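What follows draws every value from the coordinates through simple rules; no lab data is involved. Being a predicted model, the structure only gives us computed values, none of them experimental. Note that each Cβ is placed from the backbone with ideal geometry, even for glycine, and that neighbours are counted across all protein chains shown.
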Ligand SMILES: Nc1ncnc2c1ncn2[C@@H]1O[C@H](COP(=O)(O)OP(=O)(O)OP(=O)(O)O)[C@@H](O)[C@H]1O
Ligand SMILES: [Mg+2]
């Protein structure tokens with residue numbers, strides 16, 4: 001199955017400040033802020049929704065085509081994605097601009113001061129699917145990206161009759177009601193977390209029943225309570241996969257999506273697709289960062305079977 005995953009590609013620069021921000025912000029003096037925090041650690045993590053989903057799909061043995069824009073500092077990131085089996089030929093590199101970057105400083109109370117620099121992501125608008133890939137995709141994933149680029153891609157999929165997964169994630173906050181409605185009504189599958197679903201329902205007035213009646217598959221993830229899949233008149237309740245430890249919840253949503261997509265590409269039923277998503281999410285939850293976990297397909301299948309039953313279906317992956 002030819003899956004094109006479009007979405008952001010970013011670096012996360014994460015700093016730890018061994019103190020409390022509030023001790024350095026003086027009440028009454030907040031109109032003139034000039035503070036500098038001496039930080040103890042700085043790590044750079046690979047991130048971005050598009051890249052995260054593609055990375056997890058590659059771990060699961062697929063060869064997803066990542067579509068997006070990155071900057072002059074992308075070479076190292078590209079080498080990493082290539083080495084793990086992601087097809088990066090549709091990543092457009094914008095010279096003289098940095099890859100989208102998130103800078104966050106976290107203090108001992110877990111307070112965070114962050115800034116997101118859109119960088120090369122702002123150049124995603126105008127980059128068409130037809131230019132990015134020469135093959136006709138079987139499925140396109142529209143993940144968080146520059147909002148205009150997301151709207152353009154949805155239109156291109158609609159015009160070309162290409163099925164797409166609508167995955168607006170955290171961009172739900174910035175996307176207007178008309179576009180959210182359009183995306184939800186035209187996609188084959190809408191996937192969001194509980195909070196994002198509430199926000200879409202509130203902004204657009206759409207109900208779950210309306211989407212289901214229109215033949216859409218709706219997937220709502222509920223964090224540690226699992227996920228719900230509404231498809232073909234059925235409602236599947238997918239439990240979480242028990243984790244060994246909780247290290248960092250960032251990127252679990254993207255990992256879940258990759259597991260789900262792998263299930264779809266394998267032609268499996270919804271319940272199994274959801275459970276594959278849950279296991280993929282568990283790996284991500286056990287590691288800090290969004291692309292620091294690793295497994296082979298046989299390891300994944302063995303682990304899956306410690307808590308879930310696939311009735312032998314996953315043997316198809318092991319060849
Ligand atoms: N504590 C947990 N233990 C095991 N699995 C979990 C846990 N929390 C979440 N998951 C898995 O991850 C899936 C997605 O979680 P969640 O709904 O929090 O996504 P999200 O809000 O999009 O996350 P993020 O945007 O931070 O990546 C859940 O449906 C579940 O399968
Ligand atoms: Mg999410």
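Given the C-alpha centroids of region 13-84 and region 287-319, what is the distance between them in whole angstrom?
Using only Cα atoms, the two centres lie 27 Å from each other.
How tilted is helix 252-265 with respect to the longest principal axis of the chain? Cα atoms for both, answer in degrees (0 to 90, nearest 10).
The helix 252-265 is inclined about 20 degrees to the chain.
Highest first, please rank the peptides 296-306, 132-142 by the mean number of other Cβ atoms sitting within 10 Å of their residues.
Values: 296-306: 14.5, 132-142: 18.4.
Packing order, densest peptide first, comes out as 132-142, 296-306.
Nearest 5 is fine: what % of DSSP beta bridges in region 1-151 come out antiparallel, could you say?
The antiparallel fraction comes to roughly 40 percent.
Residue separation times 0.36 nm, minus the C-alpha to C-alpha distance between residue 198 and residue 294: what's the value? Intermediate results must be reported in sequence, preceding the final value.
Values: separation 96, 0.36 × 96 = 34.56 nm, distance 3.29 nm.
Roughly 31.3 nm would be gained on extension.
First measure r as the distance between the Cβ atoms of residue 305 and residue 243, then evaluate 1/(1 + (r/R0)^6) with R0 = 22 Å and state the FRET efficiency to the nearest 0.05.
Values: r = 16 Å, r/R0 = 0.73.
For R0 = 22 Å, the calculated efficiency reads 0.85.
Measure out, as a whole number of angstrom, how far apart the alpha-carbon centroids of region 198-274 and region 93-159 sit.
22 Å
The chain: D in µm²/s via Stokes-Einstein (Kirkwood Rh, Cα pairs, 37 °C, 0.692 mPa s)?
On the way: Rh = 20.4 Å.
Diffusion coefficient, whole number: 161 µm²/s.
Between residue 34 and residue 138, what FRET efficiency follows from the Cβ-Cβ distance if R0 is 35 Å, with the result rounded to 0.05?
Efficiency computed from Cβ-Cβ geometry: 0.05.
Normalising by the residue count of region 102-170, find the relative contact order in percent from Cα pairs under 8 Å and 6+ residues apart.
Worked out over region 102-170, it gives 28 percent.
What's the extension gain from residue 108 to residue 41 if we count 0.36 nm per residue and subtract their Cα-Cα distance?
Length gained, residue 108 through residue 41: 22.9 nm.
Which angle between 0 and 90 degrees, to the nearest 10, do you get for helix 194-204 versus the longest principal axis of the chain when only C-alpha atoms count?
Around 80 degrees separate the two axes.
How much of the DSSP beta bridge set in the chain is antiparallel, as a percent to the nearest 5?
Expressed as a percentage, antiparallel bridges in the chain total about 45.
Using every alpha carbon pair in region 103-208, what percent of pairs falls into each 10 Å bin from 0 up to the bin containing the largest distance?
13, 40, 30, 13, 3, 0
What is the angle, in °, between the Cα long axis of helix 49-59 and the longest principal axis of the Cα atoms in the chain? Nearest 10 is fine, range 0 to 90.
50 degrees
How do 272-281, 309-318, 87-96 rank on mean C-beta neighbours within 10 Å, highest first?
Descending packing order for the listed peptides: 272-281, 87-96, 309-318.
To check you understand DSSP bridge types, tell me what percent of the beta bridges within region 172-239 (both residues inside) are antiparallel, rounded to 5.
Close to 65 percent.
Is region 229-313 rounded, prolate or oblate when judged by the Cα gyration tensor, a ≥ b ≥ c being the square roots of its eigenvalues, rounded requiring a/c under 1.5 and prolate requiring a/b larger than b/c?
Prolate, since a/c reaches 1.5 and a/b exceeds b/c.
Under the 0.36 nm per residue contour assumption, what length would be gained going from the current alpha-carbon distance of residue 118 and residue 317 to full extension?
That works out to 67.8 nm of additional length.
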